[in-house]
Amino acid sequence: MSTQFHRSPLSLALAVATLAGGALFAHQAAANTAADTTILNVVHVYYQDAGLSTSFEATASASVTVNLVESGLTVTTAIDQTVGSGATATYVYDLTATANGSDTYDVEIAKGATSGVINDAVTYSLLDNTGAAVGAPVAAGVTSVTLGASLITAVTAEDTLQFAGGTLSNISAGDVVVINGESFIVTSVVAGSGASHDNTGATAHTDIGVTTAEVAGVLVLQAHPAGSAVAPSFVSGSTSAVANVGDLVAERVSLAIYSTADTNTAADGTVVHTLESDYNSNGTINTSGDGYANTSNTTTFTGTQLSITKSVRNVTAGEVAYAATTTGDPTDVLEYEVIVENTGGGSAANVYVVDTVPTYTSLVV
């Protein structure tokens with residue numbers, strides 16, 4: 001028995017595909033499907049003519065691109081420092097992405113309250129994967145940082161991870177990425193590309209379209225000596241460097257903030273600086289949302305103050321103690337004592353004393 005379809009509108013009930021998702025928490029990976037992942041659905045229709053003599057086939061497709069789910073940066077903290085007047089305190093912070101894809105973040109470095117200092121300044125530099133500054137320090141202010149991120153779809157070798165094609169934008173060789181708290185250096189990147197089909201859109205199609213298969217993204221990683229210093233062992237898990245399907249691989253950037261000042265009294269002085277970030281990428285920091293994060297530190301600059309005293313004794317007269325004044329006869333031998341004392345909390349550098357031979361005397365060697 002044969003079955004024929006008559007010319008009339010045809011409705012098919014299709015299963016609905018659901019994106020994998022997870023509960024949302026501040027500063028955690030907000031989804032377990034990477035942004036820019038292409039979800040391609042191709043439908044085929046097969047049929048014959050009324051006489052059952054000729055077979056036909058047609059295809060159509062629809063695609064979905066996974067959206068970026070923004071999430072604030074994870075920012076490490078630093079310990080307050082105490083340095084001498086005129087010295088520079090250096091603070092290093094790690095900023096790690098937590099979104100499900102590449103995002104641009106606003107980062108503001110600002111000088112806060114100061115006390116008992118002059119010539120104070122706060123500057124910063126981005127650091128490379130060895131911890132060295134990239135370029136000269138720049139003045140505190142707002143900058144933008146673009147960090148890549150994606151989610152693992154396969155673990156293919158001890159040092160090699162696979163991702164949905166086209167989801168590794170803004171991750172390049174030499175970048176630092178973090179997996180489960182461990183940092184690694186990217187040695188090579190294959191960006192890949194999402195799957196596609198040329199019979200697209202709401203247009204009705206009567207032919208067979210061509211599907212271009214997904215080209216997976218690939219990262220090859222190595223140990224990060226200036227960070228975790230752990231060799232990747234993603235297959236065997238022989239070290240702590242374990243990676244699993246669905247884990248977030250997020251780019252990290254490090255920056256150094258430099259705080260310097262002179263004290264203007266013998267007392268200590270202080271300079272406060274802050275580091276704030278959000279993900280609105282509009283050049284201003286939203287302190288009440290948009291993944292806002294902040295940290296601050298106080299640098300104490302120790303005061304430096306020298307005191308000097310001078311006293312004299314008459315050696316010929318047998319005086320033992322030094323005093324502010326004494327008496328003597330012509331040809332008596334006088335001996336002077338000079339005391340220089342640091343009464344401040346900081347060190348004094350390049351100290352030298354000049355003492356001249358008084359009038360009416362000559363130097364005895």
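No value in this document is a laboratory result; all are computed from the given coordinates. Since the structure is predicted, the reported quantities are computational estimates derived from the model, not experimental observations. We place every Cβ from the backbone using ideal geometry, glycine too, and count neighbours over all the protein chains shown.
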Given backbone amide H placed at 1.01 Å from N, residues whose amide H is under 5 Å from that of THR316, ignoring those fewer than 5 places away on the same chain, are VAL333
HN-Hα J couplings of the stretch 94-110 from phi, Karplus 6.51/-1.76/1.60, θ = phi - 60°, integer Hz, Gly and Pro as x? 9, 10, 10, 5, 10, 6, 8, x, 5, 8, 10, 10, 8, 10, 10, 10, 9
Rounded to the nearest Å, the spacing of the alpha-carbon centers of the stretch 294-308 and the stretch 262-280 is 10
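Highest mean first, how do 264-275, 100-111 rank when packing is the count of other Cβ atoms within 10 Å averaged over residues? Please list the in-between numbers first.
Numbers: 264-275: 18.7, 100-111: 21.7.
Those peptides, ordered most packed to least, come out 100-111, 264-275.
Per-residue counts of other Cβ atoms within 10 Å, averaged by peptide: what ranking do you get for 354-361, 183-190, 226-233, 133-140, highest first?
On the way: 354-361: 7.8, 183-190: 19.2, 226-233: 16.1, 133-140: 12.2.
Packing order, densest peptide first, comes out as 183-190, 226-233, 133-140, 354-361.
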Lys/Arg +1, Asp/Glu -1 at C-beta; the stretch 30-111 dipole; positive extreme among LEU73, ALA50, THR90: THR90
Would you pull out the residues with amide H under 5 Å of THR153's amide H, same chain only if 5 or more places away, H placed 1.01 Å from N? GLN162, PHE163, ALA164, GLY246
Starting from the amide H of TYR105, placed 1.01 Å from N in the peptide plane, find each other amide H under 5 Å away whose residue is 5 or more places distant or on another chain. VAL145, THR146, LEU147
Would you kindly derive the ³J(HN,Hα) couplings of the stretch 187-192 from the backbone phi angles with the Karplus curve 6.51 cos²θ - 1.76 cosθ + 1.60 (θ = phi - 60°), listing them in order in whole Hz, with x for Gly and Pro? 9, 7, 9, 10, 5, x
Please list 330-340, 276-286 highest first by mean number of surrounding beta-carbon atoms within 10 Å per residue. 276-286, 330-340
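For the stretch 157-297, what does the alpha-carbon gyration tensor say about shape, rounded, prolate or oblate, given a ≥ b ≥ c as the root eigenvalues, a/c under 1.5 as rounded, and a/b over b/c as prolate?
Numbers: a/c = 3.67, a/b = 1.74, b/c = 2.10.
In terms of gyration-tensor shape, oblate.
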